[in-house]
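Structure first, then comments.
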Amino acid sequence: MSERDAATGDVPVRAERIERTFTGATGEDIRVLRGIDLEVERGHTLAIVGPSGAGKSTLLHVLGGLDLPSSGRIWLDGRELSALPDLELARIRNGYVGFVFQFHHLLRDFTALENVMMPQLIAGIDRRRARQRALDLLAQVGLAGRVEHRPAKLSGGEQQRVAVARALANEPPVLLADEPSGNLDQETSERLHDVLFELVRDHGTALVVVTHNASLADRCDRVLELRDGVLRPRSTGATVSGRVG
């Protein structure tokens, strides 16, 4: 696929020959990602599984521009990330990618409503419009009656639902989720998964989720396994669809 094809919006996130190497405590090179190619189409869902320490979170951070690869290229919004100055990269991250992590990282001194408004205000969206979109998203995740509550007054599941709403506040084509239900009990996790997939479906978002949760992984269109720095179809025999470079 050409860079022009990647810019059409059908493939909002694309990785080509991604390597990520870190320096160990004694100065040795540690290759965490080894030549990864990946495309995720708009509206499709992808789960990345694998053992702890395999580099799943590192891959997610590279895909979202939170970290840059040692070599290889990432395209978001049809733009190659390593070619962008820092301010433009920050703009792409805020407006084009939504992030949900295992721990919600909500701003504790702000209400649920203010937390969901914040990415929009940073993007320069009018305050009245930002407020209405935040209210709509919080209603979609079942928190219409909790919008004025600060994080300390919300349960763990409610906080994660606020985090999902915040991640979608700027209508990003790409949502990256790192163990989004890893800190929740099974029942609360399933409720969160229901909300997550409903929103992704409604908004046509490309979802990439890193998880150890088999139930969450099995709901995705594709399941890939990261092992020894290489991304492959899951070895359990699960159906894998879509394209992997």
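The values are calculated or read from the model by the stated rules, or taken from the named source; none is laboratory data. Keep in mind the model is a prediction, meaning the values are calculated, not measured. Cβ sites come from the backbone with ideal geometry, for glycine too, and all protein chains shown count toward neighbours.
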- Note on the structure: Within the stretch 149-201, of all residues that are among the hydrophobic types (A, V, I, L, M, F, W, C) and in a loop (DSSP other than H, G, I, E, B), the one surrounded by the fewest Cβ atoms within 10 Å (Cβ to Cβ) is L154
- Query: Could you count how many residues in the stretch 208-233 are in contact (Cβ under 8 Å) with a residue 40 or more places away in the chain, farther than 22 Å from D185 by Cα and in a strand (DSSP E or B)?
  - Reply: 8
- Report, by residue number, each residue of the stretch 109-147 that is buried (at least 19 other Cβ atoms within 10 Å of the Cβ) and small (G, A, S). A112, A130, A134
- Query: So V200 clears everything in (1) of a type in the set (V, I, T); (2) modelled with pLDDT of 90 or more; (3) in contact with a strand residue (DSSP E or B) (Cβ under 6 Å, 6 or more places away or on another chain) except one condition, right? Which one?
  - Reply: (2)
- Message: Name the residue that is nearest to L175 (Cα to Cα), counting only residues in the stretch 27-54 that are touching a residue at least 40 places away in the same chain (Cβ under 8 Å) and of a type in the set (D, E).
- Response: E41
